[in-house]
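Visitor: This is the structure I have questions about; it appears just below.
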Amino acid sequence: MGGRPDEVRAPREWLTEVERERAGRFRFPADQVAFTAAHLLVRLCAGRVLGADPGTLTLAQHCDVHGPGHGRPYLVEAPELGVSLSHTRGYVCAAAGPGRVGVDAERVPPGPLDTTLAPIALTPAELAGVRGNEDLIRHWVRKEALIKRGELTLAGMGTAEPDWTGRHLLEWRVEPDILVAAVTDSPATRLPISG
């Protein structure tokens, strides 16, 4: 699922105290809104998959380094269901499904190829085929989705060319400048936020 933050119609009360505290740390209101909407959207998405009331689902995260509110998200009530979320200013998305899932959304920067980011994100072979920032960000969102699945690290982005065997990739573009990629273990379908 994906859309503008204002399209996510769910009560803020669904958020945990940890999520509300993290949202409050964003400096800009637009970023707070996007964070909150993405965390609500992942519940809506998981509720559709589970046939459950999304208001009863508790999203949790824990990282051994950074503590609660960081790390791969999971649902307390259904830890076997893979969930993932992403937000960029003006757009949020979420994915849920059996096995591991990962989703990422990023804006394509205007102008010539970002030569600072390209060697960090791309292998030399990938870099040879990139014609501009749109190609760069397409690789980035795919790899970021793999990171969210636990299959890649930020440090390994520039050295690993993904093996797509056994994975399903669903991509879409949000005009004018946002690219989205979801990587799942089983075939995925993009669903509307409402419905």
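The values are calculated or read from the model by the stated rules, or taken from the named source; none is laboratory data. Quick caveat: nothing in here was measured; it's all calculated off a predicted structure. Neighbour counts are summed over all protein chains in view; Cβ atoms, including those assigned to glycine, are modelled from backbone coordinates with ideal geometry.
Visitor: Give me the residue from the stretch 173-190 that is in contact (Cβ under 8 Å) with a residue 40 or more places away in the chain and farther than 14 Å from Arg4 by Cα and, out of that set, farthest from the chain's Cα centre (by Cα). First the steps, then the outcome.
Guide: Within the stretch 173-190, the first condition is being in contact (Cβ under 8 Å) with a residue 40 or more places away in the chain, and the residues that meet it are 174, 177-186, 188, 190.
Still in the running and farther than 14 Å from Arg4 by Cα: 181-186, 188, 190.
On the way: Ala181: 8, Ala182: 8, Val183: 10, Thr184: 12, Asp185: 15, Ser186: 17, Ala188: 14, Arg190: 14 Å.
Residue satisfying both the conditions and the ranking: Ser186.
Visitor: Shifting gears a bit: Given the condition outside the structural domain of Asp177 (by TED's automatic domain parsing), without any contact (Cβ under 8 Å) to a residue 24 or more places away in the chain and on the phi > 0 side of the Ramachandran plot, answer yes or no: does some residue in the stretch 25-43 qualify?
Guide: Checking the stretch 25-43: not a single residue is outside the structural domain of Asp177 (by TED's automatic domain parsing), without any contact (Cβ under 8 Å) to a residue 24 or more places away in the chain and on the phi > 0 side of the Ramachandran plot.
Visitor: To continue, here is another question. Scan the stretch 163-172 and tell me whether some residue there is over 23 Å from Val42 (Cβ atoms) and surrounded by 14 or more Cβ atoms within 10 Å (Cβ to Cβ). Quick ask: steps written out before the conclusion?
Guide: Filtering the stretch 163-172 for residues over 23 Å from Val42 (Cβ atoms) gives 163-166.
Subsequent filtering for residues that are surrounded by 14 or more Cβ atoms within 10 Å (Cβ to Cβ) retains none.
No, the stretch 163-172 contains no residue that is over 23 Å from Val42 (Cβ atoms) and surrounded by 14 or more Cβ atoms within 10 Å (Cβ to Cβ).
Visitor: Return the residues of the stretch 134-156 that are buried (at least 18 other Cβ atoms within 10 Å of the Cβ) and touching a residue at least 60 places away in the same chain (Cβ under 8 Å); say none if nothing qualifies.
Guide: Ala145, Lys148, Arg149
Visitor: In addition: Sort through Gly111, Gly99, Gly82 and tell me the only one that's surrounded by fewer than 17 Cβ atoms within 10 Å (Cβ to Cβ) and touching a strand residue (DSSP E or B) at 6+ places or on another chain (Cβ under 6 Å).
Guide: On the way: Gly111 fails: touching a strand residue (DSSP E or B) at 6+ places or on another chain (Cβ under 6 Å); Gly82 fails: surrounded by fewer than 17 Cβ atoms within 10 Å (Cβ to Cβ).
Unique residue meeting the criteria: Gly99.
Visitor: Related question: Just for the stretch 14-40: of the residues that are touching a Gly at 6+ places or on another chain (Cβ under 8 Å) and of a type outside the set (Phe, Trp, Tyr), which one is surrounded by the most Cβ atoms within 10 Å (Cβ to Cβ)?
Guide: Out of the qualifying residues, it is Ala34.
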